[in-house]
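Reviewing the structure listed below.
The values are calculated or read from the model by the stated rules, or taken from the named source; none is laboratory data. Remember, it's a predicted structure, so these values are computed and weren't measured experimentally. Glycine gets a Cβ as well: all are built from the backbone with ideal geometry, and neighbour counts include every protein chain shown. Quick note on the areas: whole protein, heavy atoms, side chains included, nothing else; ligands and nucleic acids left out. Shrake-Rupley method; radii C 1.70, N 1.55, O 1.52, S 1.80 Å.
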Amino acid sequence: MHTQTTSTNQTHRIATQTLDVPPRLLLGPGPSNAHPRVLAAVGMRQLSHLDPAFIGIMNETQELLRYAWQTDNEMTLAISGTGSAAMETAVANIVERGDVILVAVMGYFGERLVEMASRHGGDVRIIEKPWGEVFEQGEIYDAVKEHRPAVLMMVHAETSTGALQPMAGIGAICREFDCLLLTDCVTSLGAAPMLVDDWQVDVAYSCSQKGLSCPPGASPVTFGPRAMEKINGRRHKVDTWYLDTTLLRSYWLGDVRGYHHTMSSNMTYALREGLRLVAEEGLEARWARHRATAELLWDGMAELGLTCHVVNPEHRIPSLTTVSVPEGVDARAVAGRLLRDYNIEVAGGFSKLAGKVWRVGLMGYNSRPENVLILLAALKELLD
Ligand code: PLP
């Protein structure tokens, strides 16, 4: 009898240790440390993506998301992927080839909206603010009036600059000119007020790893009735299969749920738990907690002689502060020592703000006074 022997390549068969990760305090722009209850939920036994028990968990997750976002939108669900996947879902579904799209850019993520809207065929027009500033309503009004876009896109909490765009009133401008409003809430959901229905936001998206205290991987999106009307009337199919809401709909909302993809049950448990925590605390209390923790940071930084890059406190994101790097200080070296010597992660600025700011996140579970005090103590040692 002839037996064939194969010799396998052993090069990549490296010897490894049992996984051990350093105990980082994640005070950067995200991810943030997940809540212990969320981590416990992630480890629960799996369910299949069409198990009736899992469908019940999906339904509860959607309902809790509607609370977090203050919307009655039926089309509210979580995308399998990070915030960028939710961002691309929002853009790909709402943009049709040739649509005039106006993007109000005040930082990197606005620039990314421009890139995505262009890739999906939009005729993109741009208005811009310096990094760290926000738009006045009059500026938005004039631009919408001039360009008459099908969709206005803007970032609520611009993580690259630390600026929080006031959104109340912008939806009304869009309605006046029969335009849809799409808003990036990746850094604001669960941390700063975002009233999707009251503020007449038609499309919004977020992530799980910031204000919702989960690991990254299941990212919320919501589409209002006006957005769904546009999507249902599309002349062309959505140009991505995986992120097509008309297909996702039958999985998340159909009476009889049809297979679309294998949604991670464990990440859905995590998101549900993160959202349960939001509901238990209550939105008003949660927003107030984030604001109070941020103010503690701002006051403590002032005592160290540090200033915020965003000048007006009302325009600062409560969960993400950009701290101006003092003259002569090497921003990267300080962040490196915080990580190496104190197990604290903060991030530097990038693009137009490279070397000019540190980005300090106090998000969800991490938005607590003790984290501020630990960071300030470490910074004091490093900057003295
Ligand atoms: N939009 C904003 C405002 C963000 O801050 C981020 C990430 O930090 C994203 C989009 C993309 O999210 P993700 O990195 O989870 O893909």
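A few comments on the model shown:
- Oblate is the label for the stretch 30-74, because a/c, from the alpha-carbon gyration tensor with a ≥ b ≥ c as root eigenvalues, is 1.5 or above and a/b does not exceed b/c.
- In the elastic network of the chain, a GNM with C-alpha springs shorter than 10 Å, the most mobile of 185, 214, 308 is 308.
- Mean projection of the Cα convex hull over all viewing directions, computed for the stretch 132-236: 7.4 nm².
- Close Lys pairs in the chain, defined as Cα atoms under 21 Å apart and 8 or more places apart or on different chains, number 5.
- Projecting the Cα atoms of 232, 311, 46 onto the dipole axis of the chain, where Lys and Arg carry +1 and Asp and Glu carry -1 at the beta carbon, places 46 farthest toward the positive end.
- Once the Cβ-Cβ distance of residue 70 and residue 12 is raised to the sixth power relative to R0 = 56 Å, the FRET efficiency obtained is 0.65.
- Span-rule helices in the chain, defined as complete DSSP H runs reaching 18 Å or more along the axis (Cα) with Kyte mean at least 1.0: 369-383
- Computed over Cα pairs, the Kirkwood radius of the chain leads via Stokes-Einstein (1.002 mPa s, 20 °C) to a diffusion coefficient of 98 µm² per second.
- Relative to the Cα centre, the charge distribution of the chain, modelled as +1 at Lys and Arg Cβ and -1 at Asp and Glu Cβ, gives a dipole magnitude of about 1000 debye.
- Element breakdown for the chain at a 1.4 angstrom probe: carbon and sulfur atoms account for 52% of the accessible area.
- The residues of the chain present an accessible area of 45 Å² per residue when probed at 1.4 Å with all protein chains retained.
- Qualifying chymotrypsin sites (Phe, Trp or Tyr not before Pro) for the stretch 310-384 [loop in DSSP, other Cβ within 10 Å: at most 15]: 350
- Dipole axis of the chain (+1 Lys, Arg; -1 Asp, Glu on Cβ), positive-most option in 366, 270, 10: 10
- With the charge dipole of the chain set up from +1 on Lys and Arg Cβ and -1 on Asp and Glu Cβ about the Cα centre, the Cα lying farthest toward the positive end among the listed residues 245, 302, 126 is that of 245.
- In the stretch 46-80, GluC sites (Glu not before Pro) in a DSSP loop with at most 11 other beta-carbon atoms within 10 Å: none
- Extension gain for residue 178 to residue 146 (0.36 nm times residue separation, less C-alpha to C-alpha distance): 10.2 nm.
- A helix-only calculation puts the chain at -12000 deg cm²/dmol for mean residue ellipticity at 222 nm, using -39500 (n - 2.57) for each DSSP H run of at least four residues, averaged over all residues.
- Between residue 59 and residue 262, the distance separating the two model label sites (each 7 Å from Cα on the Cα→Cβ line) works out to 2.5 nm.
- Gained length - residue 351 relative to residue 40, 0.36 nm times residue gap less alpha-carbon distance: 108.2 nm
- When the alpha-carbon atoms of the stretch 283-384 are used, the pair Rg, Dmax equals 13.0, 41 angstrom.
- Backbone N under 11 Å from the residue 253 label point (7 Å along Cα→Cβ), restricted to the stretch 38-74: 73-74
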